[in-house]
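Notes to accompany the following structure.
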Amino acid sequence: MLTIPCPWCGDRDVHEFRYGGEAHLKRESRADTLSDAEWADFLFLRTNPKGDHAERWYHAHGCRRWFNAIRNTHTDTVLAVYKPGEKKPEVRK
């Protein structure tokens, strides 16, 4: 069973959470100057690494709060979690 450690609630079953996509994306401030291709890239292209990846998660069936997690996409292991606004922690390489 895969568990995710919520920063507020502790370890919980993965089924209590919803994936929110890549973490630390910045909104495009100059959207009106982008070409259609650049805008499409901003909207739809995301990194998809094999290894450590910073992601957003939502504890839908718990505290209903968003947080960030660093998950290894190859082993499906959550290496660290941190609250929004906190600095991204360093994890092993």
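Where a number appears in this text, it was derived from the coordinates with a stated rule and is not lab data. Just so it is clear, the structure is predicted and the values come from calculations on it, not from any experiment. Cβ: placed from backbone, ideal geometry, glycine included. Neighbour counts: every protein chain shown.
Using a Gaussian network for the chain with springs between C-alpha atoms less than 10 Å apart, which of these wobbles most: 50, 26, 83?
Fluctuation is largest for 26.
Connecting C-alpha atoms closer than 10 Å in a GNM of the chain, tell me which of 34, 79, 25 has the biggest fluctuation.
Ranking 34, 79, 25 by mean-square fluctuation puts 34 first.
With the dipole of the chain worked out from charges on the C-beta (+1 for Lys and Arg, -1 for Asp and Glu) around the Cα centre, which of 14, 72, 62 lies farthest toward the positive end?
62
For the range 41-93, what mean projected area does the convex hull of the alpha carbons give, in nm²? Write out the running numbers ahead of the final one.
Values: hull surface 19.2 nm².
Result: a mean projected hull area of 4.8 nm².
Please list, by residue number, every one of the GluC sites (Glu not before Pro) in the range 16-93 that is coil in DSSP and has at most 11 other beta-carbon atoms within 10 Å.
Here the sparse-neighbourhood loop sites are 86, 90.
Rounded to the nearest 20 Debye, what is the dipole magnitude of the chain about its Cα centre when Lys and Arg each give +1 and Asp and Glu each give -1 at the C-beta?
340
What list of ³J(HN,Hα) couplings, whole Hz, do you get for the range 23-37 from phi and the Karplus terms 6.51, -1.76, 1.60, once you set θ to phi - 60° and write x for glycine and proline?
7, 6, 7, 9, 5, 6, 7, 10, 4, 6, 9, 7, 6, 4, 5
Which residues' amide hydrogens lie under 5 Å from the amide hydrogen of residue 52, considering only partners 5 or more residues apart or on another chain, with H built in the peptide plane?
When sequence neighbours closer than 5 places are left aside, the close amide H contacts are 73.
Average the reciprocal distances over every distinct pair of alpha-carbons in the chain, invert the result, and give the Kirkwood radius in Å.
Across the chain, the inverse of the average 1/r is 14.5 Å.
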